[in-house]
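Reviewing the structure listed below.
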Amino acid sequence: MIIPYAMRKSYHISHGEHLSMTWYAIDGLDGSGKTAAGRMLKDLLESRGRTVELITHPDPGRFFGRLSGRMLFKNGKPAAMFATFFFFINVSGSLARMRRRRTDDIIFIRYTMSACYLPEHLFKKVYRIVTSFFPAPDVRIYLDIDEDTAMHRIHSRGGDRERFENHESLKEVGDRMRSVSDGWLVVDARMPLDDVGRLMDSVVVSADLAARGP
């Protein structure tokens, strides 16, 4: 399912004679295919002659990104709180550095929807705070997936599982993400990769037209 959306231009950065930088954010559950979609989007943009930087959060190359990542393998509510706290510090650093970057486009894997990993009584408050404090990307893509399909993909890739990578948590977090998805391009992440690729191509075309203006 694809829901029409309006692209927002609250953080556009001009690069002289070039088109303004377009900022994409891809969010969704673990197992929704965020990394694959991000790489596909990066390849499409580069095929159009644009330079692109892809940043995944939590970023293991940054101190607070590593702290957030470690907390995801610990149990208990304090670990979940610290994971989210360190995550948004990591994102804040990426935003601060973004204006100094000279690429044509930038892609964030995971952004404000990570607030949905917080407990039920907190996530909406925190989501409202971070979305009012953090700038809005030009294009926001939410990969929607059911917990069974996500769990199957997580199991297939192997490796250690993070604290939220179980059926119960995936269902809870998925429901929360859907409840705050207004304004996002909602994509059925169960679709084949070829269909995701065609969708990403249409997103790039729309973003390019929006950047050029009337």
(request) Find all pairs meeting these conditions: Cβ atoms under 7 angstrom apart; at least six residues apart or on different chains; first residue within the stretch 139-150 and in contact (Cβ under 8 Å) with a residue 60 or more places away in the chain; second residue part of a strand (DSSP E or B) and acidic (Asp, Glu). (result) Tyr142/Asp27; Asp144/Asp188
(request) Would you be able to tell me the number of residues in the stretch 169-213 that are of a type in the set (Asp, Glu) and either outside any helix (DSSP H, G or I) or touching a residue at least 12 places away in the same chain (Cβ under 8 Å) (or both)? (result) 5
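So that you can scan it fast, the table gives a plain yes or no per residue for (1) touching a strand residue (DSSP E or B) at 6+ places or on another chain (Cβ under 8 Å); (2) among the charged types (D, E, K, R):
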residue	(1), (2)
Asp43	no, yes
Val52	yes, no
Pro78	no, no
Leu118	no, no
Phe123	no, no
(message) Residue under question is Ile3, and the condition is that it be hydrophobic (A, V, I, L, M, F, W, C), modelled with pLDDT of 95 or more and either more than 17 Å from the chain's Cα centre (by Cα) or more than 16 Å from Tyr117 (Cα to Cα) (or both); does it hold?
(response) no
(message) I'm checking my understanding of the structure. Among residues of the stretch 32-61 that are of a type in the set (Ser, Thr, Tyr) and in a loop (DSSP other than H, G, I, E, B), which one is farthest from Met177 (Cα to Cα)?
(response) Thr51
(request) Looking only at the stretch 69-82, decide whether some residue is out of contact with any Pro (no Cβ under 6 Å at 6 or more places or on another chain) and within 30 Å of Val204 (Cβ to Cβ). (result) no
(request) Determine if the stretch 105-120 includes at least one residue that is outside any helix (DSSP H, G or I), more than 16 Å from the chain's Cα centre (by Cα), surrounded by fewer than 20 Cβ atoms within 10 Å (Cβ to Cβ) and of a type outside the set (Val, Ile, Thr). (result) yes
(message) Checking Pro78 against (1) closer than 23 Å to Ile129 by Cβ; (2) surrounded by 20 or more Cβ atoms within 10 Å (Cβ to Cβ), only one condition comes out false. Which one?
(response) (2)
(request) Could you list, in sequence order, all residues of the stretch 121-159 that are of a type in the set (Gly, Ala, Ser), assigned to a loop (DSSP other than H, G, I, E, B) and surrounded by 16 or more Cβ atoms within 10 Å (Cβ to Cβ)? (result) Ala136
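The values are calculated or read from the model by the stated rules, or taken from the named source; none is laboratory data. No experiment lies behind these values; they were computed from the predicted model shown. Positions of Cβ are backbone-derived with ideal geometry, glycine not excepted, and every protein chain shown enters the neighbour counts.
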